[in-house]
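Asks: One structure coming up, written as C-alpha cells, with questions to follow.
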C-alpha cells in the first residue's frame, strides 16, 4: 500500500500509539491493580477464613478479564514498538520471569486454596497469594523507576539488535525500590478502596482504616519521588534535529544526560503538571474519603491517583520509551523505535474495531458481578472459591 494514501502522517501515528500504550498501562493498573491490592491485603484485612473467602470471591470472577489489559499491552509493544519489545523482554528476562511466577500463583491459589478444609493448607495459600500481590506490584514499580534511571543496554548500529549488559540485582537501586514501594502502597490502597466499596462489616471497616494510611503513604512517596527526580537524577535530552517521520533507527540521534532533564517537558508544556497534581490530590482525597466511609468515590479517587502517577512518568520521559544508561544515544524514543507507517495504521484500524468489544464485554461482566459480596452470598454459591 502506498503510504501517501494513509490519512495520518507517520509522526502522528507514532504519538497516537504512544498514547494508546499509556491507556493500556493505566487500564491494567486500574483494573488488575485492585486484584493485586486485595491479594496483598489478604492477611491484614481478613481475620477469619470466612472473611478471606469473601475477599477472594470479590476479585475471583473478574481477575482473568482484568489481565486482558496486560496481555493487550504486551501485544501492542510487540507490534507497535518492536525495538522496545526486543530490548525489554530479552534484557529484563529474569525480572519478567519473577513477575510471571507471581502472576501464575494467583490463579493456582484461587483454585486450590479451598480444595481442603485444613487450616495450615489454606493459610499457606493465603500467604502465597499475598506474596504474589506484593511481588507483582513491586516489580511493576521497580520497572517504572528504572525507566527514569535508564537501563544498561545498547543497540548494534548495523543490525539494530539490542544488547543488554545488566543483571537482575542492578534493577533494585534505591530510587527504583522507592518506585516499587510506591507501586505496592498505591495498588494496595486501590484494593482497599474496592473492599470498602464492595464488602461490608468488619472487612470494609478494616479496609477503610488501612486503605486510608496506604493512600496517604502513596501521596507522600510520590511527592518524594518527584523531588528526587527534579533534584537528584540525570534525565536525557535529545540534541540536534530529529526527523520524526524517518524510518526507525536509534543510532541517528545524539543524546545528553542532564541533571533534572526529566522536568523539562513540564516547563515546555505547563498543562502536564495536571498529572502529578492528580497523583498527589487523588491519593490525599482517597485517604480522606476512605476514613469518612465513602464507597464508590474512594475507588474513583484511587483510580485517579494511579492515572496521575503513570501519566507523570510518561510525560516526564517523552519522547523516550526506554532510555539507555550505557549508551544514551541508543535510548529508544517514540521517533525511532516504532513499526512502519503502514503497520501502525493497520493496527490503529484493528484497535478501533476490537477495543470497543473489549470494553463492552468487560462492562457486561462487571454489571453481572455487581453488588456487595458477603459471607452469605459466598456460602450460597456452589462455584465460590
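Asks: Can you tell me how many residues in region 253-263 are without any contact (Cβ under 8 Å) to a residue 60 or more places away in the chain and in contact with a helix residue (DSSP H, G or I) (Cβ under 7 Å, 6 or more places away or on another chain)?
Replies: Step one: of region 253-263, the residues without any contact (Cβ under 8 Å) to a residue 60 or more places away in the chain are 258-261, 263.
The next check asks that each one be in contact with a helix residue (DSSP H, G or I) (Cβ under 7 Å, 6 or more places away or on another chain); those that pass are 260, 263.
The total comes to 2.
Asks: Residues in region 330-359 that are within 16 Å of residue 73 (Cα to Cα), part of a helix (DSSP H, G or I) and touching a residue at least 12 places away in the same chain (Cβ under 8 Å): how many?
Replies: 5
Asks: Do any residues in region 360-385 that are at positive phi and touching a residue at least 12 places away in the same chain (Cβ under 8 Å) have Cβ atoms under 9 Å from those of residues that are surrounded by 14 or more Cβ atoms within 10 Å (Cβ to Cβ) and assigned to a helix (DSSP H, G or I), where the two are at least six apart or on different chains, and which pairs are they?
Replies: 371/198
Asks: Any idea which of 315, 266 is closer than 27 Å to residue 68 by Cβ, surrounded by 14 or more Cβ atoms within 10 Å (Cβ to Cβ) and in contact (Cβ under 8 Å) with a residue 24 or more places away in the chain?
Replies: On the way: 266 fails: closer than 27 Å to residue 68 by Cβ.
Answer to the selection: 315.
Asks: Is region 77-88 home to any residue that is outside any helix (DSSP H, G or I), within 19 Å of the chain's Cα centre (by Cα), crowded, with 22+ Cβ neighbours inside 10 Å and modelled with pLDDT of 90 or more?
Replies: First, the residues of region 77-88 that are outside any helix (DSSP H, G or I): 81.
Right, trim to within 19 Å of the chain's Cα centre (by Cα) and you get 81.
Still in the list and also crowded, with 22+ Cβ neighbours inside 10 Å: 81.
Those left that are additionally modelled with pLDDT of 90 or more: 81.
Yes.
Asks: Follow-up question, since we're still on this one. Search region 229-244 for residues being within 29 Å of the chain's Cα centre (by Cα) and part of a loop (DSSP other than H, G, I, E, B), and hand back the single one that is surrounded by the fewest Cβ atoms within 10 Å (Cβ to Cβ).
Replies: Initial filter on region 229-244 (within 29 Å of the chain's Cα centre (by Cα)): 229-238, 244.
The next check asks that each one be part of a loop (DSSP other than H, G, I, E, B); those that pass are 233, 244.
Details: 233: 19, 244: 16.
In this case the residue turns out to be 244.
Asks: Residue 122: closer than 20 Å to residue 64 by Cα and crowded, with 16+ Cβ neighbours inside 10 Å, yes or no? Quick ask: steps written out before the conclusion?
Replies: Numbers: closer than 20 Å to residue 64 by Cα: no; crowded, with 16+ Cβ neighbours inside 10 Å: yes.
No; evaluated as a whole, the condition is false for this residue.
Asks: Quick check on residue 368: is it over 24 Å from residue 88 (Cβ atoms), surrounded by fewer than 14 Cβ atoms within 10 Å (Cβ to Cβ) and modelled with pLDDT of 85 or more? Talk me through it step by step, then tell me what you get.
Replies: Details: over 24 Å from residue 88 (Cβ atoms): yes; surrounded by fewer than 14 Cβ atoms within 10 Å (Cβ to Cβ): yes; modelled with pLDDT of 85 or more: no.
It is false that residue 368 is over 24 Å from residue 88 (Cβ atoms), surrounded by fewer than 14 Cβ atoms within 10 Å (Cβ to Cβ) and modelled with pLDDT of 85 or more.
The values are calculated or read from the model by the stated rules, or taken from the named source; none is laboratory data. All values derive from a computational prediction rather than experimental measurement. Here the Cβ is made from the backbone with ideal geometry for all residues, glycine too, and neighbour counts use every protein chain on show.
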